[in-house]
């Protein structure tokens, strides 16, 4: 549930950032610019208001959507000739369709805003026999040099590339100055590809060797009884100890029999070593080598032990293999232990039949050998029955755990999304949604200069939220709005999409804008690494009171504050761990 909650927070954050950039920021920019047709402005406002409303109700998981129908419903840029080719039905996972259409809308928006194109073509292609697709958006506009595409371009990086990567696809932009641009959105439904798995293509990730998986049988047993080694130890260790005593008693007076004690000591060590590995799984090579060592020693014991010992404990090596075979038949495929047992018993039978008689009749001979042969067989067959029963119980337990985990994860996903959207919409929604609704319904006219000024200020607030998500609360936004209204040029830039620890950045902004006269310019730059955030704040012109307040605010942090007549600047670093 915690893993699902964390993943949902990241996904909800990406969705929210995309909605802010693609819908809300674009609508406010349209309202704030003179010369745009009123119908187009109102349509943008309606779309943004609908996107905010949809964000309040997180989308349902699972299911498939007809991508072709969504492509056919795309609104072409106003004043540009458009053709849409999307025949038939293209059923894809709903999250893939949502990401693809969002990226396509951003591509069309870029055509409208930057391309100066006469025509644009949208083409959905589904290769025969494939559940993947290619969606291309091609214009005949001005084009650009793709190598000069800014790495920090929010629309390209976040609204197109990151969206497609998040669902296992990719976005590619091809452009030539004067010859137009093609945006290619591809989702290959290749075997094993899952939503969010694009990062697995990282060469470093491929180079890291994955741990050996636990066998299904052992997983099920662990699910049923906890650590499978405990009951196995309760079965095997007493047997090993008792058999060790028997070995000493019956071997110490046998000429040339001391090597059997060494063999048994090694067998006991091997059995204990394999028992310790039982929880994570015993490899086939180790299991087969142990079986060969055990059977070879048991049959080789008759080089120094008399065959007549089959009638008493003198033939102890035949039964000494029982703990090892019982362990293996429980945690490994049964055929390995059964094969070893069959080889041992066949070897004993051949030795009896080919050696000197140990009873007057064949039946008597086999009757004398039967107790020795039954010892390992009894352990193996009982272990096999116990192992299968516990594994079946474990399978039932795993299914119950999986159902419960799925229910908990689903609830965690919903809770995480609702919490993130509710928190980030709390302030923005109160202010921006009524403004968009009023513009969409005509209660506010985009031709009114005051309305355009309000749209520009709200647009700044949205862009701030895109660059430093979750950092600005209502007082901080009010300070930024007041500074901009007073003529301060505020620039906020960040190299990361993920939320930053808000306290430091909010502290720098509120201290700088809340102390002294309104500055002429303020620049906040944020650079994030795996475990640190570096913030640089520059305020023009310099002010001694402001510099003093900033020094006091960052006291105790890894920070530097300098002040001169031209500017006051702060460099601060905070660990995110």
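A few notes on this one:
- Test result for residue 228, within 19 Å of residue 382 (Cα to Cα) and more than 43 Å from the chain's Cα centre (by Cα): no
- Residues that are within 23 Å of residue 284 (Cα to Cα), in a helix (DSSP H, G or I) and not assigned by TED's automatic domain parsing to the domain that holds residue 281 do occur in segment 395-403.
- Test: residue in segment 57-71 that is more than 25 Å from the chain's Cα centre (by Cα), at pLDDT 75 or above and surrounded by fewer than 18 Cβ atoms within 10 Å (Cβ to Cβ): yes
- Boolean, residue 107 is at pLDDT 80 or above and in a helix (DSSP H, G or I): yes
- Residue in segment 382-397 that is more than 28 Å from residue 279 (Cβ to Cβ), free of Cβ contacts under 8 Å to residues at least 60 places away in the same chain and loosely packed, with under 14 Cβ neighbours inside 10 Å present: no
Conditions tested, residue by residue: (1) buried (at least 18 other Cβ atoms within 10 Å of the Cβ); (2) modelled with pLDDT of 80 or more.
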site	(1), (2)
174	no, yes
183	yes, yes
194	no, no
207	no, no
223	yes, yes
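- Of the set (1) farther than 25 Å from residue 15 by Cα; (2) touching a helix residue (DSSP H, G or I) at 6+ places or on another chain (Cβ under 8 Å); (3) at pLDDT below 95, all apply to residue 469 but (1).
- Identity of the residue in segment 336-356, without any contact (Cβ under 8 Å) to a residue 12 or more places away in the chain and over 15 Å from residue 370 (Cβ atoms), that ends up farthest from the chain's Cα centre (by Cα): 354
- Single match in 462, 390 (criterion: touching a helix residue (DSSP H, G or I) at 6+ places or on another chain (Cβ under 8 Å), closer than 30 Å to residue 332 by Cβ and either assigned to a helix (DSSP H, G or I) or outside the structural domain of residue 527 (by TED's automatic domain parsing) (or both)): 390
The values are calculated or read from the model by the stated rules, or taken from the named source; none is laboratory data. It should be emphasised that the depicted structure is a prediction, and the values quoted were computed from it without experimental measurement. Note that we place each Cβ from the backbone using ideal geometry, even for glycine, and neighbour counts take in every protein chain shown.
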